[in-house]
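Heads up, the thing below is written out as C-alpha cells.
The values are calculated or read from the model by the stated rules, or taken from the named source; none is laboratory data. Source: prediction; values computed, not measured. FYI the Cβ positions are ideal-geometry reconstructions off the backbone, even for glycines, and counts take in every protein chain you see. We work out accessible area using only protein heavy atoms, side chains counted, and drop any ligands, DNA or RNA first. Shrake-Rupley method; radii C 1.70, N 1.55, O 1.52, S 1.80 Å.
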Amino acid sequence: RAGKIARTQGSNDITQLGNPAETALDKAANEIYVADGYGNRRVIVFDSSTMAYKRHWGAYGHVPNDDKQAAYDPKAPVQQQFGNPVHCVKIAADGLVYVCDRTQNRIQVLKKDGSFVKEWFYEKSTLGNGAVWDLVLWPDPKQTWLLNADGENNEIRIIKREDGSVVGRFGGSGRNAGQFHWVHAMAIDKLGNVYTGEVDNAKRIQKFKLVNAEALR
C-alpha cells in the first residue's frame, strides 16, 4: 500500500477491484462487502460463494465517480464522494453498515442496500492520513459501542453507536506500551479484549485487556 496504486477500471466497473482495503462477511445473506478502497471510491458487494456481483455504491449511497476531488478542507462543504481510501466496512447485527471514509474524517452509516442513514465526523480538522482508519463493534448483544482507530492522531475513541457521540478514548502518540504510531487495524474478541496493529515503522500488535466486565452486558 505504500507503493504506487495500480490503475483500475473505475468505481463503477463490476469486474475488477481497485486496491481494496477491507472485507466484511454477511453470513446470513451469503454476501461479502468490500471497502474498495485505495484506487476506487466505493463499497461493492458480491455473493460470497460464487463471487457474482450484487451491488455497489459511493458516499451517501450515490453512484460513485472518479472525478478529481479538491484536497480535503475542513471548512469547505462536505464532499459528495468518498475520498481515498475507503478504508473499512463493518456490518452490525441490526443490518447497519459502517464505512470509514478515512481522509475525510467521517463514518457513513447505510443500510445493506446502500441507502444512506447518517454520518458522523471526528477530529474534523485532521489533515494528512485522516482520523477514521478502522472500526470494531463491541461484543455485547446490542453492540452498544464502536471503537474507532485513528492513525493520524494515534488514539482509539469509544463511540456510542446509537448517536455517534464520543464517550472515551485511549492511546496517544509514542512508541511505549499503550501508545500508537499509525494504528491501522483493530480486532476485538468476545471477552472485550482489543487487539491493535500499527504500520509504518511501528510494526507491532498490542493487546488491551477489558477490566470492567459489566461493559459486556
Considering only the stretch 156-182, state which residues are under 18 Å from the mean Cα position of the chain (by Cα), open to solvent by 60 Å² or more (accessible area, probe 1.4 Å) and free of Cβ contacts under 8 Å to residues at least 24 places away in the same chain. K160, E162, D163, R169
Would you check if there is a residue in the stretch 141-155 being exposed (fewer than 12 other Cβ atoms within 10 Å of the Cβ) and out of contact with any Cys (no Cβ under 6 Å at 6 or more places or on another chain)? yes
Test for R204: is it surrounded by fewer than 16 Cβ atoms within 10 Å (Cβ to Cβ) and at pLDDT 95 or above: yes
For the stretch 89-99, how many residues are farther than 16 Å from F121 by Cβ and open to solvent by less than 10 Å² (accessible area, probe 1.4 Å)? 3
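Listed here are the residues, each with its yes/no results for (1) modelled with pLDDT of 95 or more; (2) of a type in the set (K, R); (3) part of a loop (DSSP other than H, G, I, E, B); (4) open to solvent by 50 Å² or more (accessible area, probe 1.4 Å).
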{"site": "A2", "(1), (2), (3), (4)": "no, no, yes, yes"}
{"site": "A6", "(1), (2), (3), (4)": "no, no, yes, yes"}
{"site": "T23", "(1), (2), (3), (4)": "yes, no, no, yes"}
{"site": "N40", "(1), (2), (3), (4)": "yes, no, yes, no"}
Filtering the stretch 83-111 down to residues that are touching a Lys or Arg at 6+ places or on another chain (Cβ under 9 Å), over 21 Å from W182 (Cβ atoms) and part of a loop (DSSP other than H, G, I, E, B) yields A92, A93, D94, G95, L96
